[in-house]
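Presented below is the structure to which this report refers.
The values are calculated or read from the model by the stated rules, or taken from the named source; none is laboratory data. On a predicted model such as this, the values are computed, not experimentally measured, just so you know. With ideal geometry, Cβ positions are generated from the backbone for all residues, glycine too; neighbour counts draw on all protein chains shown.
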Amino acid sequence: MLSEFLSDDHLSVSVRLSGEDGLQALRENKYDLAILDIMLPGMNGLDVLKEVRRNNDIPVIMLTARGDDIDRILGLEFGADDYLSKPFNPRELLARIKAIMRRTGSEERRGGKVSVGNLEIDTRSRRVSADGKPLRLTGTEFELLRCLAETPGKVIPKEQLSQQVLGRKHMPYDRSIDTHISNVRGKLADAGISQPSIQSQRGVGYLLLEGD
């Protein structure tokens, strides 16, 4: 049903019915985005996502069962760009897809380089380097870091980050931005980058700081 719905909107859709087949398809073909259900025969969606993130930065939207907060949190922690809880309106999925495609497509690949501390962010190639070494980020993580780096030292509210990074309104109790921030912090720490640092302002949002 989803394949037919998305195809009607002029999207080219390839369907795989198991995690193993999906991973094989990703190894053999280039796709712009993956929609990954957690409930799969054999490997579940979270295991598939972990395997995808070993060497592929393709944007991923997770589909989770209603009320499975743990699955949603784990999906984001493992590198999913966004999620939808079932049941959902297919139009909402299409809106999420278009939001991700807008920020990762060629129309967004303009501008130049932004440098903050030991980080250099190339907004054209969508690549980040830390002390001259590549830093692997998902599309959502890249967009989040870019938003913070464009106005270092300024607090950006979660509502604004949600609109700019996820393409949707920030809802109460939605921890998506917080989880993506945690992922970026972890990758900066793994790369040995302590400055700049992502700081939080409780109840408001986040900012990127150079120095103490």
Legend entry - In the range 177-212, residue nearest to Tyr83 (Cα to Cα) [restricted to those that are among the polar types (S, T, N, Q) and in a helix (DSSP H, G or I)]: Thr179
Legend entry - Single residue of the range 180-208 satisfying the filter (in contact with a Gly (Cβ under 9 Å, 6 or more places away or on another chain) and modelled with pLDDT of 90 or more) that is nearest to Gly132 (Cα to Cα): Ser197
Inset, instruction - Please verify whether the range 3-25 includes one or more residues that are surrounded by 12 or more Cβ atoms within 10 Å (Cβ to Cβ), under 18 Å from the mean Cα position of the chain (by Cα) and part of a helix (DSSP H, G or I). - result: no
Inset, instruction - Quick one: Met43 ticks every box in (1) assigned by TED's automatic domain parsing to the domain that holds Gly19; (2) at pLDDT below 90; (3) not basic (Lys, Arg) except a single one, so which number is it? - result: (2)
Legend entry - Restricting the range 70-111 to residues that are basic (Lys, Arg) and closer than 23 Å to Asp8 by Cβ, the residue that is modelled with the lowest pLDDT: Arg102
Legend entry - Number of the condition not met by Ala65 [criteria: (1) within 19 Å of Pro87 (Cβ to Cβ); (2) crowded, with 16+ Cβ neighbours inside 10 Å]: (2)
Legend entry - Number of positions in the range 183-199 that are loosely packed, with under 14 Cβ neighbours inside 10 Å and of a type in the set (Gly, Ala, Ser): 4
Inset, instruction - Confirm whether Asp32 is touching a helix residue (DSSP H, G or I) at 6+ places or on another chain (Cβ under 9 Å), in contact (Cβ under 8 Å) with a residue 12 or more places away in the chain and closer than 20 Å to Thr179 by Cα. - result: no
Inset, instruction - Test Leu76 against the stated conditions and say whether it is touching a residue at least 60 places away in the same chain (Cβ under 8 Å), of a type in the set (A, V, I, L, M), touching a His at 6+ places or on another chain (Cβ under 8 Å) and closer than 25 Å to Gly186 by Cα. - result: yes
Legend entry - Selected residue (criterion: surrounded by the most Cβ atoms within 10 Å (Cβ to Cβ)) from residues of the range 26-54 that are farther than 19 Å from Ile100 by Cα and of a type in the set (Asp, Glu): Glu51
